[in-house]
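Everything below concerns the one structure shown next.
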Amino acid sequence: MEAVGEAAGARRGRWWIVAALGLALAALLAAIVELATEEEGGEKLVIDGVNDAQRIFGGLPQLGDRLGESDAAVRILLFNDVQCGGCEEQFLGTVPELVDGLVRSGDAKLLYRHYSFSPQVVQQGFIAAEAAGRQGYQWQYVYLFFRNQDE
């Protein structure tokens, strides 16, 4: 008789464990459904000029800060600050013409040098541009940064 009482007590304990696991599984499924059906929030940032960047810089060799053939006869150094409030006009008005006229033909290569115009020497834009350069996209990044600087 005691053995029957112990077995019934063990079964009740198992039911509590099964019930707790079932509730946990139901909560997990509810959270997944909530995340999957959640309405999007906030405005999406639209990056302007992606197609232009590909047209300007696409197909040209890039290595870090260099754009163009490594053995080009002319080396043009561009000192700039991606977070400079008034530098986008000069960059956007000059660099695409240099690329089309000199770099694409192999006559020159461009080298980008980060030069901070602000009191804070290290800036997030500089770090991000360097990271993009390590992936072979520094010139596209800087171009898109200037195109969308108001964002």
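The values are calculated or read from the model by the stated rules, or taken from the named source; none is laboratory data. Not measured: the values here are computed from a predicted model. Here Cβ is always computed from backbone atoms with ideal geometry, including for glycine, and neighbour counts include all displayed protein chains. SASA here: full protein model, heavy atoms, side chains in, ligands and nucleic acids out. Shrake-Rupley method; radii C 1.70, N 1.55, O 1.52, S 1.80 Å.
Listing for the model above:
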{"read-out": "Net dipole in debye of the chain [+1 Lys, Arg Cβ; -1 Asp, Glu Cβ; about Cα centre; nearest 20]", "value": "620"}
{"read-out": "Region 67-134 - Rg over Rh from alpha carbon coordinates, Kirkwood radius", "value": "1.00"}
{"read-out": "Accessible surface of region 63-132 [probe 1.4 Å, protein heavy atoms]: carbon and sulfur percent", "value": "55"}
{"read-out": "Contact order relative to length of the chain, as percent, for alpha carbon pairs under 8 angstrom and 6 or more apart", "value": "29"}
{"read-out": "In Hz, Karplus ³J(HN,Hα) per residue of region 125-136 (6.51, -1.76, 1.60; θ = phi - 60°; x = Gly, Pro)", "value": "x, 5, 5, 5, 5, 4, 5, 5, x, 5, 9, x"}
{"read-out": "Antiparallel %, DSSP beta bridges [both residues in the chain], to 5", "value": "35"}
{"read-out": "Normalised contact order of region 49-124, rounded percent, pairs of Cα under 8 Å and 6 or more residues apart", "value": "42"}
{"read-out": "Per residue, in Å², the accessible surface of region 75-151 once ligands and nucleic acids are set aside, probe 1.4 Å", "value": "58"}
{"read-out": "Directionally averaged projected area (convex hull, Cα atoms, the chain), nm²", "value": "16.7"}
{"read-out": "Mean projected area (nm²) of the alpha-carbon convex hull when region 38-109 is viewed from all directions", "value": "7.0"}
{"read-out": "For region 104-109, 3J(HN,Hα) per residue [Karplus equation, 6.51 cos²θ - 1.76 cosθ + 1.60, θ = phi - 60°, Hz, x = Gly/Pro]", "value": "4, 7, x, 6, 8, 10"}
